[in-house]
1. What is the number of the single condition among (1) modelled with pLDDT under 95; (2) touching a helix residue (DSSP H, G or I) at 6+ places or on another chain (Cβ under 6 Å) that His46 does not meet?
2. Hey, any hits in the stretch 96-112 for a residue that's touching an Asp or Glu at 6+ places or on another chain (Cβ under 9 Å) and acidic (Asp, Glu)?
3. What tally of residues in the stretch 354-390 results from selecting those that are of a type in the set (A, V, I, L, M), over 21 Å from Val414 (Cβ atoms) and at pLDDT 95 or above?
4. Are any residues in the stretch 138-168 under 18 Å from Ala62 (Cβ atoms) and open to solvent by 40 Å² or more (accessible area, probe 1.4 Å), and if so, which ones?
5. Quick one: in the stretch 397-415, which of the residues that are free of Cβ contacts under 8 Å to residues at least 12 places away in the same chain and assigned to a helix (DSSP H, G or I) is nearest to Glu291 (Cα to Cα)?
6. Under the condition of being among the β-branched types (Val, Ile, Thr) and either assigned to a helix (DSSP H, G or I) or touching a Leu at 6+ places or on another chain (Cβ under 7 Å) (or both), which residue from the stretch 48-88 is farthest from Tyr328 (Cα to Cα)?
7. Report every pair of residues separated by at least 6 positions or lying on different chains whose Cβ atoms are under 7 Å apart, first residue within the stretch 213-236 and in contact (Cβ under 8 Å) with a residue 40 or more places away in the chain and at positive phi, second of a type outside the set (Ser, Thr, Tyr) and open to solvent by less than 10 Å² (accessible area, probe 1.4 Å).
8. Within the stretch 78-96, is even one residue over 25 Å from the mean Cα position of the chain (by Cα) and closer than 30 Å to Gln181 by Cα?
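The values are calculated or read from the model by the stated rules, or taken from the named source; none is laboratory data. Source: prediction; values computed, not measured. Note: ideal-geometry Cβ built from the backbone for every residue, glycine included; neighbour counts use all protein chains shown. In case anyone asks, the SASA skips ligands and DNA or RNA and just uses the protein heavy atoms, side chains included. Shrake-Rupley method; radii C 1.70, N 1.55, O 1.52, S 1.80 Å.
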Amino acid sequence: MSRLAMIAIFAASAAALPSRLAEAAGPKVSQFQLDNGLQVMVIPDHRTPVVTHMVWYKVGSADEQPGKSGIAHFLEHLMFKGTDAHPQGQFSAEVARLGGQENAFTSQDYTAYFQRVAKEHLEKVMGFEADRMTGLKLSDEVVLPERDVVLEERRMRTDNDPGARLSEVLQATTYVNHPYQHPIIGWEHEIKGLNREDALAFYRRFYAPNNALLVVAGDVDPEAVKELAQKTYGKVARADTPPRARPQEPEPRAHRRVSLADPRVAQPSLQRSYLVPSSRTAQPGEAEALEVLAQILGGGQTSRLYRTLVAEKGLAAGAGSWYQSTAYDTTRFVAYASPRPDVSLEALEAAVDGVIADLQDKGVDDLELARAKTQLTADTIYAQDNQATLARIYGAAWATGLSAADVQAWPDRVKAVTAEQVKAAAQRYLVAGRAVTGYLMASEAKAAPDAAKGATKPEPARKDSRS
């Protein structure tokens, strides 16, 4: 097949995808607001008699007070400790008895709680969730042991993983002023100082219906959901929640470097983090151009980085890039690669720079542009098959300053991205002055206490178990 024929196929596919997406999305998303300020979004999906019920709070780790890092995530844990009406464990036990699923997660910009149950149990989980919106009861007997659980989680997921430690340092270095520099789980020394009063103060400040969004996706009718929402959440009083105001990042001007060496590193790696605008903060068309750029540069085996560094030059075992568009404030674009044996990180970095420079100089061709658009919009269609994913997409958009209309218009905006916009985004944002480069390296093991006698042994990797 000729190159022109391939371009035509991808272009035709990209042109057809927005209408197919509209069909796959089903009925139009419904939205309304209760008198207490709770916003409600209903996403009908009648393929199975199941509903996903999610409550999103517009608060995350970037909204914490200085010195209290980790409190948003800590409170997420504590939200399962019960209320006067429903003692500890009752909510989870009831969801399990009903054959449902539940969980929660915290990000930099939001905290969310969800259950997936048969549709006839929707009112029950709404009642439970509405109760703990303001009825949480905490004591030192439950708070202090849970703090130890969080500390163990940090040790297992971050402190004992050299790659995770480098990622944490890379993010902290990318931001010099904005609270995105703090890890979601918190710094260890600050987690140790969190207590019951901190948790309750944070809870009372941010957990309120007027700072929340209820998303119900599944086999439901919008009017029925509205009636249930008024019956359950409508009883919760609004609070004096402060507006979201954060220190902003200054314009970056210097390329910075960080490195981490650890004897447990089996595969060295390189990461490059660029400071870029998010979907909310970008100029029209910029975020979509960055999405397409990330796909062309490092989205899979047909990407520039993979083809050049892995397939053609044999310098890397893997390479790619990603763009975190869903963020309330300035966000990150990351390129990464892992060298093959006998290839230095310095040589690999020079090769990565070469791929980026070539794209900035020559731009992108019609084939890779069409292929990237097709892949991005196809991924959006596939997401429609999972109602929980749908709920997460719309909830995260709301929590980071976007609307349902923004989500629905995204495929058309991707389709409209031009080669010139992709090239301009690379030239403007993928520059050294906006970047932090991180090296993850293997180091020699520390010597044993009897090293003076000539005996050297590597320290064994610490084994931890999840609490």
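1. (2)
2. Yes, because at least one residue in the stretch 96-112 is touching an Asp or Glu at 6+ places or on another chain (Cβ under 9 Å) and acidic (Asp, Glu).
3. Residues meeting the conditions: 3.
4. Once the filter is applied, which keeps residues that are under 18 Å from Ala62 (Cβ atoms) and open to solvent by 40 Å² or more (accessible area, probe 1.4 Å), the stretch 138-168 yields only Ser167.
5. Checking each candidate, the answer is Ala409.
6. By that ranking, first place goes to Thr83.
7. Here the result reads Gly218/Val51; Gly218/Gln387, each pair linking the stretch 213-236 to a residue that is of a type outside the set (Ser, Thr, Tyr) and open to solvent by less than 10 Å² (accessible area, probe 1.4 Å).
8. Yes, some residue in the stretch 78-96 is over 25 Å from the mean Cα position of the chain (by Cα) and closer than 30 Å to Gln181 by Cα.
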